[in-house]
Amino acid sequence: MSDPPAASVWNPRDAFAEGLRAPDERIDLARSALLIAAEEYPALDIARYLDRLDELAREVAPRLELATGAAERVSVLNRFLFTERGFAGNREHYEDPRNSFLNEVLDRCAGIPITLALVYMEVARRAGVEVDGVGFPGHFLVKHVDRGEPREEQERAATGRRAPIVVDPFFGTVLSMEDCQLRLAAVLGADAPLRPELHLRKASTREILVRLLGNLKVLYVRSADFGRALACCERILLVAPDAPHELRDRGLVYEKLECFGAAAADLERFLDLAPDDESAAAVRERLATLRPRVRQLH
């Protein structure tokens, strides 16, 4: 699918929605991420940044072809992306929204875990190496399973009966299962056991896009930029229609924007879908204050 010429009327939101019509495994992750960025950068040349990913892959591919086994392939990718190309986590300005836009990450070689993971995955895929995203609690990771192994070994790794090679693209390091357990305990508590089949499972393309947009949404809400926060909510709901918590969040953003009718509609829908959610009582209180304002509009 190619982007239309600049002279035509083109809306990145519509293009984003169109891409979501495909089955999950056929959604173009890199292009979808760039379409997210295109709402912030209207003149963004999407083809240029897709070419940049292609160029990175072409450069590393010959080395990957010489690698023997999963560990060596990961070592080649890590050395190329983190040491030679300098991709790294933006620790000093972690909450800079530019860290969530793929074009900025490719230009500055700096980002947050999910966008650096996206670069890692897309370069690897273009170079013929399958790397999966992992929606680990608190910090997005990637993993590589050797698809050249016997099917039994692949299945063991996929189901957690054998550990995959896990990489933290933010710090540019390989994580052992013990490392993953320590990180999980830091987020969920010391008693939380690592379950690879759950905590290290492959994230779907839609899950990655929701997490990417969710990070941006949180940043914009914190900075009281509710217009941009609403744009994130709307795109999340294109990816995951009727996701209860996303409807709730959009309703709360609508309220901040004084769109009281839309706010009430979203919050009521949230309660229909998740009446026993831990936030349901607070949402009912918000609705009690919103409904009189909605009636005043009619």
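Points to keep in mind about this one:
- Subset of region 91-126 [part of a loop (DSSP other than H, G, I, E, B), open to solvent by less than 20 Å² (accessible area, probe 1.4 Å) and either farther than 22 Å from VAL166 by Cβ or not β-branched (Val, Ile, Thr) (or both)]: PHE101
- Lone qualifier among TYR49, TYR41 - being crowded, with 19+ Cβ neighbours inside 10 Å and either assigned to a loop (DSSP other than H, G, I, E, B) or among the hydroxyl-bearing types (Ser, Thr, Tyr) (or both): TYR49
- Conditions (1) at pLDDT 95 or above; (2) open to solvent by 20 Å² or more (accessible area, probe 1.4 Å); (3) of a type outside the set (Gly, Ala, Ser); (4) more than 21 Å from ALA30 (Cβ to Cβ): number failed by THR159: (1)
- Boolean, GLU104 is in contact (Cβ under 8 Å) with a residue 24 or more places away in the chain and among the acidic types (Asp, Glu): yes
- As for region 12-34, it holds no residue that is among the hydrophobic types (A, V, I, L, M, F, W, C), open to solvent by 40 Å² or more (accessible area, probe 1.4 Å) and not in a helix (DSSP H, G or I).
- Residue match in region 54-61 (condition: under 19 Å from ALA33 (Cα atoms), in a helix (DSSP H, G or I), open to solvent by 50 Å² or more (accessible area, probe 1.4 Å) and free of Cβ contacts under 8 Å to residues at least 12 places away in the same chain): yes
Each row is one residue, and each column tells you yes or no for (1) within 17 Å of the chain's Cα centre (by Cα); (2) closer than 24 Å to ALA127 by Cβ; (3) of a type in the set (Ser, Thr, Tyr).
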{"position": "ALA15", "(1), (2), (3)": "no, no, no"}
{"position": "LEU20", "(1), (2), (3)": "yes, no, no"}
{"position": "ILE27", "(1), (2), (3)": "yes, yes, no"}
{"position": "ALA38", "(1), (2), (3)": "yes, no, no"}
{"position": "ILE46", "(1), (2), (3)": "no, yes, no"}
{"position": "ALA67", "(1), (2), (3)": "no, yes, no"}
{"position": "VAL76", "(1), (2), (3)": "no, yes, no"}
{"position": "HIS93", "(1), (2), (3)": "no, no, no"}
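- The numbered conditions (1) in a helix (DSSP H, G or I); (2) open to solvent by 30 Å² or more (accessible area, probe 1.4 Å); (3) more than 18 Å from SER100 (Cβ to Cβ) are all true for LEU247 except (2).
- No other residue among LYS217, LYS202 is open to solvent by 70 Å² or more (accessible area, probe 1.4 Å) and either under 22 Å from the mean Cα position of the chain (by Cα) or farther than 28 Å from ARG183 by Cα (or both) apart from LYS202.
- Long-range neighbours under 7 Å by Cβ, at least six apart or interchain, first residue touching a residue at least 60 places away in the same chain (Cβ under 8 Å) within region 219-233, second among the small types (Gly, Ala, Ser): TYR220/ALA229
- Flag for GLU65 being loosely packed, with under 13 Cβ neighbours inside 10 Å and of a type outside the set (Val, Ile, Thr): yes
- Residue in region 208-229 that is farther than 24 Å from PRO137 by Cβ and in contact with a helix residue (DSSP H, G or I) (Cβ under 7 Å, 6 or more places away or on another chain) present: yes
- Contacts under 6 angstrom Cβ, first residue in region 75-94 being touching a residue at least 40 places away in the same chain (Cβ under 8 Å), partner surrounded by 19 or more Cβ atoms within 10 Å (Cβ to Cβ) and assigned to a loop (DSSP other than H, G, I, E, B), 6 or more apart: LEU81/PHE87; GLY89/PHE170
- Flag if ARG211 is touching a residue at least 40 places away in the same chain (Cβ under 8 Å), among the charged types (D, E, K, R), part of a helix (DSSP H, G or I) and surrounded by fewer than 20 Cβ atoms within 10 Å (Cβ to Cβ): yes
The values are calculated or read from the model by the stated rules, or taken from the named source; none is laboratory data. The structure displayed is predicted, hence computed values, not measured ones. FYI the Cβ positions are ideal-geometry reconstructions off the backbone, even for glycines, and counts take in every protein chain you see. The area values use the complete protein model at the heavy-atom level, side chains included, leaving out ligands, DNA and RNA. Shrake-Rupley method; radii C 1.70, N 1.55, O 1.52, S 1.80 Å.
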